[in-house]
Every structure is written in C-alpha cells, then in structure tokens.
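The values are calculated or read from the model by the stated rules, or taken from the named source; none is laboratory data. As the structure is a computational prediction, the values presented were derived from the model and not from experiment. FYI the Cβ positions are ideal-geometry reconstructions off the backbone, even for glycines, and counts take in every protein chain you see. When the accessible area is computed, the model is the full protein with side chains, heavy atoms only, and any ligands, DNA or RNA have been set aside. Shrake-Rupley method; radii C 1.70, N 1.55, O 1.52, S 1.80 Å.
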Amino acid sequence: MAEYAEVELLRVYCGESDRIDGRPAHEVLVELARRHGAAGATVLRGVLGFGAGSLVHTAKLLRLSEDLPMIVEIVDRPQRIEALLPRIEAAAKGGLITRQRVSAHFHCPVRVHDVMAVDVATVAPDTPLPEVVDLLVAREVKAVPVLDPKGRVAGIVTGGDLLSRGGLGARISLQESLPEAFRLEERGRLTGRVAADVMTAPVTTIADKAGLREAARIMTKKSLKRLPVVDAAGELVGIVSRADILRSAASLAPAAEALPRFTAGLFQLARDVMFTDVPTVGPDAPLADVVAKIVASPLRRVVVVDAERKVLGIVVDGELLAHCGPGRKPGILRALFGSGGDEAVACPAGTAAEVMERRVHTVPEDAALMDVLQKMLSCQCKRLAVVDDDGRLLGMVDRDAILRGIAGT
C-alpha cells in the first residue's frame, strides 16, 4: 500500500492583475516558496469568481481582459509552512489565505530511468586502450560500457580498471593536466592492448524501471560507482552513477520526511557515518612526506593540521601539480605516479604549507547528511572534513557514506 504523509496545503487567493513590487503577485509567491525550499507550488487560473467586493471576474468570450481570479497552492510539511507563512503574509498584503492539513502520497522521480544519462559513450571489445582513454577524457566520464557485436553489454572499462590492469599511472581526471611528454608516456604503456583485456566482466547492470534505492544498494554492496542501465530486452539504454543518485536525493530533500524509503537515511548526522582514518601532516612536513602519504592513501589527499589538529589546509594530488612550478613538476609526477624514466629525478624540496590549498570545505559533526550532501554538490566536492566547534579535525565524510544512508545499509 502506498505511504501517505501528513502535509499542509497553503492557498493564497489573488487577482491576475495584482502586483508585488511591480511583478505579478502569483509569480512572486511561487518564487518565495521555491527559495524557502517548499516541496511544491502550483498556480491555478480561475474562469469565474468574486471576492469580498462582490466584483465578478469571468473568462467569458466578451470579457477576456477582465482581472481573473488566481490561486497559489503551496504544499509542504506543517512546520515548514509555519516558517514560510510570515513571508507570504508580508508579500501578499491582503487577499485570502487558507491552510488545510491533508494526506499526500509523493510521486517523485526516484527511478533509474528518470535520472540516468542516456547519451552513453561505448566501445567495442577490440577498441585500443589509448582510444578508450582519449574517449573518457574527451567525454569527461569515468567509465564506458563495452558492447559486443550484437549490441549487448559485455563489460565495462572504468578508470580503476585502467589504473589496476591497464598500467595507467594517473587517473582519468588528471590526464589533461599532465605535460605532453608524460601523456605520451602514459599512452605508450597502453599500446598493444584493447578494452577486452582490462574490462570488468561480467558487468552488473540494472533495469531502467528499478528504484534508485535499489541502485544505491547494489552500488554499496558491490563497491560500484556506476551501473549500465538496460531495458526489458536487455539492451543498453543509459548509465546511472552515484552522483546521479545523490543529485536526485538532494532535489528531494525538502520532501524527505514524506519519502522515508528513499531519503530517511539523510537524517543521520555526519559523526554517525564519518571515517577517522584520515592522513594528516603538519605545515612544516617535507614535500616528500606529503607525497608519500598521498600515494599510500586511497583518498589521494592529506589534511594539514596544527599541533591541536585544527585544520589549516589540504593537499590533493591534482591540485599539488597545479601548485608546483615547472621545476618541481617532473619530480612530483614521478613521485605521485611511479612512472618509469629518469629515476634520478627525486621529489623536490618544500613543505606542506607551500603547496596546500588553504580553503578547506568542512562540516560540523552534527550536520545532517542532507545538509552535507547539499554542500558537496554546491562546492563540487567528493569528501568533506568533519570538524568540532573549535575547527579540530574529527574525520571525513564522503559520497559513499551518503549513498549507504540512502541504501539503508
């Protein structure tokens, strides 16, 4: 049986010609509701009616220019309507406002086919690996499904596959920032092999009509970041990523309490899901030590803290390359990616403070996961540092933790 939640319906009656600061009143009221994060708002245009002044408004053929009645309906949880109401009353400056408690069943885009990417780049099993990498870089994606001659999904090549089995040194997102000579060296190590040599097979797929929570559960259970999507005939119709699910969850956050099967996990707090094994260094740590910790950690980053563990900055492998001048870059590349070549080139001198990014995106330990998710999306971060009230590092929360919350695992 469908789940229903108690919500409140707020109605504001006005005229089509009513204005608020020169703009149509109904447009202003809807914009107020949207900025407040209301679950939804609708404007209805009447065909006949009268108000307190007994002036009849009609849409009859000979009176099309008359001021027709308008109704703005806003739906949300009662406590959110209560918070929004003073703004509506201040803006409306008159007119009839009604409130009504109702039960609602939310029909929201929480199925795979509603959020998946449909313009999917694909390769054949015999596509050379250098071409696969070039395609990933050009399309700014992290994986491509491999289709057999009949158009069925035979496997998938991910950035992780290229690093672990293909011999690629730098991950896909860093390829364009590499010097030309290093890029050519990277492609040289891939020469002679094809997609079938490194692809993950058999590949886990998901039906286009499956729910996003099911997709989240599969991803968390199998440690996957994306799933090829197939239709009832088993043909590829799209691909859904972890980021797609998280963006959908963020868009549904205002109605989260009405959608417990999908977003209830977002009411957990950052401290409930954070991991504490975060590599750290002091600001005076030698650059060689910084790089060593980056290479040793799957996070590919270290947080710079003072003696009291207060966060001072962060060093990420990609940003480290941007912070280093031409003289340091060859040594950094060799140290980060273990490339062949001139082994005499050592990691250059320097300290963490010289190369760290001082702006660190953080969240308090009592932040709800829905707020953590919103910040991740706004700052385009995959991980956020969790700090206490004094700015001391407690841990980190990442996309996978939020996905587990959605999956209910």
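For the reader, a short list of remarks on this structure follows.
- Among the candidates T158, T191, T220, T205, the residue that is within 14 Å of P130 (Cβ to Cβ) and either among the hydroxyl-bearing types (S, T, Y) or modelled with pLDDT of 90 or more (or both) is uniquely T191.
- Only residues that are in contact with a helix residue (DSSP H, G or I) (Cβ under 8 Å, 6 or more places away or on another chain), assigned to a strand (DSSP E or B) and under 19 Å from C381 (Cα atoms) were counted in segment 348-368, giving 4.
- So D208, is it touching a strand residue (DSSP E or B) at 6+ places or on another chain (Cβ under 9 Å) and open to solvent by less than 40 Å² (accessible area, probe 1.4 Å): yes
- Residues in segment 148-168 that are crowded, with 20+ Cβ neighbours inside 10 Å and either among the charged types (D, E, K, R) or in contact (Cβ under 8 Å) with a residue 60 or more places away in the chain (or both): V153, I156, T158, D161.
- Looking across segment 301-337 at every residue that is assigned to a loop (DSSP other than H, G, I, E, B) and modelled with pLDDT of 75 or more, the one that is surrounded by the fewest Cβ atoms within 10 Å (Cβ to Cβ) is identified as A307.
- Close Cβ contacts (under 8 Å, 6 or more residues apart or on different chains) running from residues in segment 266-277 that are crowded, with 18+ Cβ neighbours inside 10 Å to residues that are part of a loop (DSSP other than H, G, I, E, B) comprise L269/E365; L269/D366; L269/A367; A270/E365; A270/D366; A270/A367; M274/E365.
- Residues in segment 395-409 that are buried (at least 20 other Cβ atoms within 10 Å of the Cβ) and either farther than 23 Å from R111 by Cβ or in contact with a strand residue (DSSP E or B) (Cβ under 6 Å, 6 or more places away or on another chain) (or both): 3 in all.
- Residues considered: A117, A121, A143, A104. Of these, the only one that is closer than 29 Å to A249 by Cβ, open to solvent by 40 Å² or more (accessible area, probe 1.4 Å) and hydrophobic (A, V, I, L, M, F, W, C) is A117.
- From the options R187, R217, residue that is open to solvent by 60 Å² or more (accessible area, probe 1.4 Å), out of contact with any His (no Cβ under 9 Å at 6 or more places or on another chain), in contact (Cβ under 8 Å) with a residue 40 or more places away in the chain and among the basic types (K, R): R217
- Residues of segment 224-282 that are β-branched (V, I, T), modelled with pLDDT of 85 or more and under 16 Å from G408 (Cα atoms): I245, V273.
- Residue list for segment 385-409, restricted to those being under 22 Å from I245 (Cα atoms), in a loop (DSSP other than H, G, I, E, B) and not hydroxyl-bearing (S, T, Y): G408
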